Amino acid sequence: MMDPATRLWLVILLVGATNYFARLSFIALLARRSLPPLATRALRYVAVAMLAALVVPAVLATPAGPALWPNPKLVAALVAGAVAWFTRSTGGTLVAGMATLWLVQALA
């Protein structure tokens with residue numbers, strides 16, 4: 001039997017190596033080739049999709065489970081989204097979202 005700490009480090013190293021070589025394979029295989037226009041257009045949305053996949057569960061999740069109202073994070077996200085839409089200002093979006101979150105949490 002292997003020590004639990006040794007097993008944990010072995011798993012971490014194996015997962016890290018697998019992730020590294022999986023990423024390296026795409027770089028090595030596609031380094032000298034150009035991507036088709038459809039793939040290039042689709043790759044533009046990867047960052048936005050990943051950000052949404054991280055933010056939406058964090059906004060909708062509450063300790064008691066998913067709840068839409070009263071959820072301070074949801075209210076702050078809606079205000080921040082509106083500020084972002086109308087002003088296109090990253091700083092303004094951050095300030096409005098955080099101020100709304102603090103205000104709603106203080107009032108709750």
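Annotation note: of N71, N19, the sole residue that is of a type outside the set (D, E) and touching a Ser or Thr at 6+ places or on another chain (Cβ under 8 Å) is N71. The set of residues from the range 28-43 being at pLDDT below 85 and among the aliphatic types (A, V, I, L, M) comprises A28, L29, L30, A31, L35. Could you say whether any residue in the range 56-70 is at positive phi and modelled with pLDDT under 90? Yes.
When the range 3-27 is filtered for residues that are of a type in the set (S, T, N, Q) and at pLDDT 90 or above, the ones remaining, listed by number, are T6, T18, N19.
The values are calculated or read from the model by the stated rules, or taken from the named source; none is laboratory data. None of these values were measured; they are calculated from a predicted model. Neighbour counts run over all protein chains shown; Cβ positions are idealised from the backbone, glycine included.
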